[in-house]
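Input: a single structure, listed below in C-alpha cells.
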C-alpha cells in the first residue's frame with residue numbers, strides 16, 4: 001500500500017487505471033477537460049500493477065480502478081469523482097491542489 005500512497009503524492013492529480021476500463025478513461029477525460037494533466041498509472045501495463053491493484057482493493061476501491069488522488073489525498077473511485085463534479089466541488093479541489101489555475 002505504501003507504493004500507492006507514495007505515487008499518489010507525486011503529482012497534483014494521480015489516476016490508477018487499466019487500459020481496458022471505460023470508467024478510467026471517462027474520469028481521465030473529465031479531469032483533463034478542466035485543464036489538469038493527471039499522472040496516469042495503467043496497472044495492466046506496469047510491472048508492479050497487480051501488487052498496486054491489491055493495495056487499492058485493500059483501501060476500499062471496488063472495483064480497483066479508477067482510483068484517484070487529488071492534492072496528495074485519496075479521493076476514491078469514479079462514483080466519488082462524479083459526485084464531486086455534480087456538486088460543483090471537483091473544480092475547486094483541482095484548484096486547491098494546484099492542478100489547474102483559473
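Laid out as a table, the results:
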{"item": "Among the candidates 15, 68, 27, 3, residue that is in contact (Cβ under 8 Å) with a residue 40 or more places away in the chain, assigned to a helix (DSSP H, G or I) and in contact with a strand residue (DSSP E or B) (Cβ under 7 Å, 6 or more places away or on another chain)", "result": "27"}
{"item": "Single residue of segment 84-102 satisfying the filter (in contact with a strand residue (DSSP E or B) (Cβ under 9 Å, 6 or more places away or on another chain) and assigned to a helix (DSSP H, G or I)) that is surrounded by the fewest Cβ atoms within 10 Å (Cβ to Cβ)", "result": "96"}
{"item": "Positions within segment 30-52 being in contact with a helix residue (DSSP H, G or I) (Cβ under 9 Å, 6 or more places away or on another chain), outside any loop (DSSP other than H, G, I, E, B) and more than 16 Å from residue 11 (Cα to Cα), in sequence order", "result": "30, 51, 52"}
{"item": "In segment 37-49, the residues that are over 13 Å from residue 75 (Cβ atoms) and under 14 Å from the mean Cα position of the chain (by Cα)", "result": "37, 39, 40, 41, 42, 43"}
{"item": "Subset of segment 56-65 (residues that are within 16 Å of residue 6 (Cα to Cα) and either buried (at least 19 other Cβ atoms within 10 Å of the Cβ) or in contact with a strand residue (DSSP E or B) (Cβ under 7 Å, 6 or more places away or on another chain) (or both))", "result": "56, 59"}
{"item": "Residue in segment 75-84 that is farther than 21 Å from residue 18 by Cβ and modelled with pLDDT of 95 or more present", "result": "yes"}
{"item": "Yes/no for residue 42 being touching a strand residue (DSSP E or B) at 6+ places or on another chain (Cβ under 6 Å) and without any contact (Cβ under 8 Å) to a residue 40 or more places away in the chain", "result": "yes"}
{"item": "Cβ pairs under 8 Å, 6+ apart, first in segment 74-98 and on the phi > 0 side of the Ramachandran plot and touching a residue at least 60 places away in the same chain (Cβ under 8 Å), second part of a loop (DSSP other than H, G, I, E, B) and surrounded by 13 or more Cβ atoms within 10 Å (Cβ to Cβ)", "result": "98/12; 98/71"}
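The values are calculated or read from the model by the stated rules, or taken from the named source; none is laboratory data. Computed from a predicted structure; not experimentally measured. Positions of Cβ are generated from backbone atoms using ideal geometry, with glycine treated the same way; all protein chains shown enter the neighbour counts.
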